[in-house]
Amino acid sequence: MEIVEHLLVLVHLLGMAAIVGSAVFVARGTVTPALVWGARAQLVTGLILVGLAEMDDGDVNHAKIGVKLVVAIAVAACAEIAAAKGKKGEARPQLVTAAGALALLNTAIAVLW
């Protein structure tokens, strides 16, 4: 079971790297598939990791998880809306920037809280 948790943490971190890398360093306002899939991966793997921690009778800080979930949903929403608008030809670079900034905020919450 430990290997599964480690693999999920790896995918979770890769999702964060995809979001931040796409939003801040690569695309600079343009939606990339990596941004959208990274946001999805962050949300899904984060929920699974919390579920596994709860199953193992781990001490989970529910307030922290709640805040991180709200921020992760906001990241995914920004990425999905920006991608949908981009397909229609209506670029929304501010949403891409917001997704990257919120992903960095979520990382800061994870490390500093």
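No value in this document is a laboratory result; all are computed from the given coordinates. The shown structure was predicted, so the numbers you read here are calculated from the model rather than taken from an experiment. All Cβ positions, even for glycine, are placed from backbone atoms using ideal geometry, and neighbour counts span all protein chains on display.
See the values below:
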{"read-out": "Degrees, to the nearest 10: 2-20 long Cα axis against longest axis of the chain", "value": "20 degrees"}
{"read-out": "For the range 56-100, with +1 on Lys and Arg beta carbons and -1 on Asp and Glu, the positive-most of 86, 100, 61 along the dipole", "value": "86"}
{"read-out": "For the range 2-112: Kirkwood Rh in Å [reciprocal of mean 1/r, alpha carbons]", "value": "14.1 Å"}
{"read-out": "HN-Hα J in Hz across the range 54-71 - Karplus 6.51, -1.76, 1.60, θ = phi - 60°, x for Gly and Pro", "value": "5, 5, 7, 6, x, 7, 9, 7, 5, 5, 4, 5, x, 5, 5, 5, 4, 5"}
{"read-out": "In Hz, Karplus ³J(HN,Hα) per residue of the range 104-110 (6.51, -1.76, 1.60; θ = phi - 60°; x = Gly, Pro)", "value": "5, 4, 5, 5, 5, 4, 4"}
{"read-out": "Simple label model, 7 Å out from Cα along Cβ direction - residue 28 to residue 62, nm", "value": "4.6 nm"}
{"read-out": "Stretchable slack from residue 85 to residue 105, in nm (0.36 nm times residue separation minus alpha-carbon distance)", "value": "4.8 nm"}
